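Only the coordinates and a few stated rules stand behind these numbers; no lab work does. Since this is a predicted model, take the numbers as computed values, not measurements. Heads up, the Cβs are rebuilt from the backbone with ideal geometry, glycines too, and the neighbour counts pull from every protein chain shown.
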């Protein structure tokens, strides 16, 4: 394993690489097609570089544990609004989630339905490309982007374009209170309709999920008086709804939604469907597996038998399917990431050729070698 201590060390390691590199942060996300090569860990590039609570900005090295970032923000009454998922329970991995890993995978949780994805909060990045050159793009303000929008490009690139060394993020104040409305007894179609109605209301719903057999969940966050008022109005929209307003219980429920807790330690493969919410119930019924809904139905998690090619089973639909959890041999046989249209694939190939001309950074992880 190659373990650089700082950005200069990282650049030298990439320049000197004689073979393929498996880029790794905290080692918590064993996803994508298997990649052979020497592990390049950025865990040693750790620490918060700058944090300005008044400006709502934080800069940290890529290997900084996510828990360290969240603790620093919590001390100032702030948070990462995009609510990054912890994949360890679902994937059965250990290790420590890092900030760079979150950005590289564009990890976003239930609040994405209201505030957007991880990439929407990325202000700037520093990374080492496949030649060993240090590249900087963006800054600590949104408008400072020139040429390639590498800030957004790196978010979700899974280390195939470069190795992140530092990221700058916009952060937001943490809410003073939160509540969850729980609707019981809805079938999938009725639940999706209810979530759409809630999200379309003026009551600023920050989470909308449905677990068949357990309930449909709607989250409200903000100042205590506002939360109480909006939760009351939503309860009037959905007679019989239960209102949970204990802070600990609300936080625990949405951690379970965020981390797809019902599928932890369960046999089978896990797929993630991104689709139009209005299509969710119909498509979920065709999966033949157990399903969980998030993002008002725009995200459907599916647990199916090991080795099942869910993409082939569903056929064409308006959306895409990603294989999140499966044995390495299954991930080698079935492309984990959805196939790209020819024009997008050509663009991706061109970008990889520019930023990683030797093709040494996580080659093939996303299903397309340089």
Footprinting exposure proxy for 21, 218, 56 (fewest neighbouring C-beta atoms within 10 Å first): 56, 21, 218
Helix 224-237 versus the longest principal axis of the chain: what angle, 0 to 90°, nearest 10, using Cα atoms? 60 degrees
Report Rg/Rh for the stretch 7-100, rounded to two decimals, where Rg is the Cα radius of gyration and Rh the Kirkwood radius. 1.02
With angles folded into 0 to 90 degrees, how steeply does helix 247-258 sit against the dominant principal axis of the chain? Use alpha carbons for both and round to 10. 60 degrees
How many angstrom separate the Cα center of the stretch 57-82 from the Cα center of the stretch 221-243? 30 Å
Using the count of nearby Cβ atoms within 10 Å as a rough guide to exposure, how do 229, 51, 293 rank from fewest to most? 229, 51, 293
Give the angle, between 0 and 90 degrees and rounded to the nearest 10, that separates the Cα long axis of helix 7-16 from the longest principal axis of the Cα atoms of the chain. 60 degrees
Ranked from fewest to most other Cβ atoms within 10 Å of their own Cβ, 360, 220 fall in the order 360, 220
Subtracting the Cα-Cα distance of residue 317 and residue 120 from 0.36 nm times their residue separation yields 68.3 nm
